[in-house]
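Structure, as structure tokens:
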Amino acid sequence: MKTKTVLITGITGFVGSHLADYILANVKNVKIIGLIRWRAPKDNINRILDRITLEYGDLLDLPSLESVIGRYRPDVIFHLAAQSYVDFSFVAPVATLSTNIIGTTNLLEAVKKLKLSSGYDPVVHICSSSEVYGQVKKGEVPIKEDNQLRPASPYAVSKVGEDMLALQYWLSWKIKTIRTRMFTHTGPRRGDVFALSNFAKQIAAIEAGKQPPVVKVGNLKSVRTWMDVRDAVEAYWILVNKCKPGEVYNIGGNQTMTVGMMLNKLLKLSKKKIAVKVDNQRLRPSDVTLQIPSTDKFKKATGWSPKIKFEKTLLDTLEYWREYYKKCHRA
């Protein structure tokens, strides 16, 4: 059987590292190429470094993308690299738009150049976001793919740009882009700027005596539908093997609750008595407070459904941060 070559941009990140783990554990005859920036920490992929190939490059440097793609001609490209922190996009909108929109354009241009010159024809997964829908109305949930887009942050605007670029390159040059709008997904290795992981880190810090017994929070009333990242990356692999180029698919979990309800579940996993305090600095200039997806289109195309219970996601994330503080203590 022919070896399939897979390129993952953002392989050192949260989702990229879990995707590499999933492919290595479940797919035979595959070679994984990871695109990384020279300063990217490798903590998330240390245990698989001997099973993947890393290549330096940058989304904002077209020649570096042309070099990597031209050398390996991957059969599948998972484009996961992005400036993915919503709050930071309010502080640095230009950097967010540049990385996510110009960076994606460069990637698609590199593919287009090879396609036009030699017939190169990979499947390209473009990772958009549920943030493109913005603040939906109550009558619009569960949110379908044809819902109006109302981006409520520079990050969301950048993801609309990525999304529409992917569609345009399919319509204009038949580059086999498939777009996903992933709803809230979390788990171990999630950055500490994201709600569930941030709360889990604070609880672990309190347990380790590194923080007073108070968890600082932002808006606890926002409604989210949660999913484990390990279910998310399985969905991504199924996507590139079963879904149609040019299409867009919502992907999300089946555990819907407010951020506050999620926090209460986390707090019950600790034996410490912990208070909760709203920190005004954690409140966004504009927020998306109702995210409940319709995933019918994706499920119909693939038969996929999430498998990991939310309680496991919570515990595994908390244990990840507990281990982090144990390592700090040992150091």
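Please pick out the residue among 205, 200 that is farther than 17 Å from residue 310 by Cα, out of contact with any strand residue (DSSP E or B) (no Cβ under 8 Å at 6 or more places or on another chain) and open to solvent by less than 10 Å² (accessible area, probe 1.4 Å).
Working: 200 fails: farther than 17 Å from residue 310 by Cα.
Matching residue, one of 205, 200: 205.
Under the condition of being under 25 Å from residue 105 (Cβ atoms) and out of contact with any strand residue (DSSP E or B) (no Cβ under 9 Å at 6 or more places or on another chain), the residues counted in region 169-190 number 4. Checking the structure you have, find out if any residue of region 50-59 is assigned to a helix (DSSP H, G or I), charged (D, E, K, R) and either at pLDDT below 95 or within 21 Å of residue 193 (Cα to Cα) (or both). For region 50-59, residues assigned to a helix (DSSP H, G or I), charged (D, E, K, R) and either at pLDDT below 95 or within 21 Å of residue 193 (Cα to Cα) (or both): absent. Among residues belonging to region 77-87 that are at pLDDT 95 or above and either over 21 Å from residue 166 (Cβ atoms) or touching a Phe, Trp or Tyr at 6+ places or on another chain (Cβ under 9 Å) (or both), point out the one that is surrounded by the most Cβ atoms within 10 Å (Cβ to Cβ). This residue is 78. Applying the criterion of being closer than 21 Å to residue 149 by Cβ and under 15 Å from the mean Cα position of the chain (by Cα) to the residues of region 225-257, the residue that is modelled with the lowest pLDDT is 225.
Here is a yes/no grid of residues against (1) assigned to a strand (DSSP E or B); (2) more than 21 Å from residue 251 (Cβ to Cβ); (3) not β-branched (Val, Ile, Thr):
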| position | (1), (2), (3) |
| --- | --- |
| 111 | no, yes, no |
| 116 | no, yes, yes |
| 151 | no, no, yes |
| 161 | no, no, yes |
| 171 | no, yes, yes |
| 180 | yes, no, no |
| 188 | no, no, yes |
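From the list 128, 117, the lone residue that is of a type in the set (S, T, N, Q) and crowded, with 16+ Cβ neighbours inside 10 Å is 128.
Out of all the residues in region 13-24, is one or more within 21 Å of the chain's Cα centre (by Cα) and open to solvent by 40 Å² or more (accessible area, probe 1.4 Å)?
Looking only at region 13-24, we keep the residues that are within 21 Å of the chain's Cα centre (by Cα), and these are 13-24.
With open to solvent by 40 Å² or more (accessible area, probe 1.4 Å) added as a condition, the list becomes 22.
Yes, the conditions are met somewhere in region 13-24.
For region 235-255, the set of residues classified as open to solvent by 40 Å² or more (accessible area, probe 1.4 Å) and within 20 Å of residue 309 (Cβ to Cβ) consists of 254, 255, listed by residue number.
Here residue 146 meets the list (1) in a helix (DSSP H, G or I); (2) open to solvent by 30 Å² or more (accessible area, probe 1.4 Å) almost entirely, failing just condition (1). Pairs are defined by a Cβ separation below 6 Å, a sequence spacing of at least 6 or placement on different chains, a first member in region 45-57 that is within 14 Å of residue 19 (Cα to Cα) and open to solvent by less than 50 Å² (accessible area, probe 1.4 Å), and a second member that is modelled with pLDDT of 95 or more and of a type in the set (Ser, Thr, Tyr); the pairs so defined are 45/12; 45/17. Selection of first residues in region 102-131 that are closer than 13 Å to residue 170 by Cα and of second residues that are open to solvent by less than 10 Å² (accessible area, probe 1.4 Å) and part of a loop (DSSP other than H, G, I, E, B), restricted to Cβ pairs under 7 Å at least 6 apart or on distinct chains, gives the following pairs, ordered by first then second residue: 108/175; 111/122; 111/175; 112/175; 115/175; 122/74; 124/175.
The values are calculated or read from the model by the stated rules, or taken from the named source; none is laboratory data. Keep in mind it's a predicted model, so treat the numbers as computed, not measured. When we count neighbours, we look across all protein chains shown, and the Cβ atoms used for this are built from the backbone with ideal geometry, even at glycine. The accessibility values were calculated without ligands, DNA or RNA, using every heavy atom of the protein model including side chains. Shrake-Rupley method; radii C 1.70, N 1.55, O 1.52, S 1.80 Å.
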